[in-house]
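Input: a single structure, listed below in structure tokens.
The values are calculated or read from the model by the stated rules, or taken from the named source; none is laboratory data. Everything numeric here is computed off the predicted structure, so don't read it as measured data. Virtual Cβ from ideal backbone geometry, glycine too; neighbours counted across all protein chains shown.
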Amino acid sequence: MGKVIRVGVVGAHGKMGASVVAAVQADAECELVAAIDVEDSLEELTRTRCEVVVDFTNPHVVMDNLAFCIKHGIDAVVGTSGFTPERIQTVSLWASQRANSRVLIAPNFSMGAVLMIAFAGIAAPYFESVEIIESHHPEKVDAPSGTSRFTAEVIAAARQSLEPGPDATQAEDRDARGALVDGVPIHSVRLRGLVAHQEVVFGGVGETLAIKHDSLNRESFMQGVLIAIKEINHIDGVVVGLENVLPLGK
């Protein structure tokens, strides 16, 4: 076994954060040296000599957390929602100003979700129509979800040379068709009893293709979190998507 990684968790009192704490404690290649919540001082991360921080907090504090990590040379694995292109650009600018800064922002840490997005990107050029339905628990603060937004961006990039199919929806009825992200409609459901679920539906002449993924509990994300912790030293600067540290397509 190689060197044990000193890990800190920010947002440790939340449901996802608590699951990360348990996963890190159970992994022989990691040592949990700090478990703090949003109201605690980030100085604990430097005092305990964290090498990698996992952030599952909220959109209101995550930027300050990343600024602290970059300033102090701590790698950051981020599962917090709310990362717009503008926010990613800002974090990239911060990281570019300090050597060896590494930030991995993952819209989703589930292996199945990462593969779902990859499969959607493969299918996208071959179908004229596509829509996304994402469903989560009612405590989720953002809609559409970060996963669905990222999926839409991947689909749009893969369909650049494809003209979208006809859509006769009138402007005044547009809200009924969901949020548009890069031209892809996303429908958001928030319902008690759900965890995280997404279906990408493609349509062509005489056929449809549905790619669906369900996370049934929060433990489904932990394999991806641990991979990110162990592999983040293989990236440079700021990257978005767990696939950047996975051998997909290689």
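Okay, here's what the table says:
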| read-out | value |
| --- | --- |
| Matching residues, the stretch 105-155, being within 21 Å of PRO166 (Cα to Cα) and acidic (Asp, Glu) | GLU128, GLU131, GLU153 |
| Tabulated pairs, the stretch 177-189, first assigned by TED's automatic domain parsing to the domain that holds GLY146 and closer than 13 Å to THR147 by Cβ, second loosely packed, with under 14 Cβ neighbours inside 10 Å and modelled with pLDDT of 90 or more, C-beta under 9 angstrom, 6+ apart or interchain | ILE186/LEU180 |
| Meets criteria (more than 16 Å from the chain's Cα centre (by Cα), under 25 Å from SER145 (Cα atoms) and buried (at least 16 other Cβ atoms within 10 Å of the Cβ)) for VAL24 | no |
| Verdict on VAL53 being touching a Leu at 6+ places or on another chain (Cβ under 7 Å) and not polar (S, T, N, Q) | yes |
| Test set (1) of a type in the set (Val, Ile, Thr); (2) within 17 Å of GLY237 (Cα to Cα); (3) touching a strand residue (DSSP E or B) at 6+ places or on another chain (Cβ under 6 Å) - THR80 fails condition number | (2) |
| Exclusive hit being touching a residue at least 40 places away in the same chain (Cβ under 8 Å), surrounded by 21 or more Cβ atoms within 10 Å (Cβ to Cβ), of a type outside the set (Gly, Ala, Ser) and not assigned by TED's automatic domain parsing to the domain that holds GLN223, set GLU128, GLU134 | GLU134 |
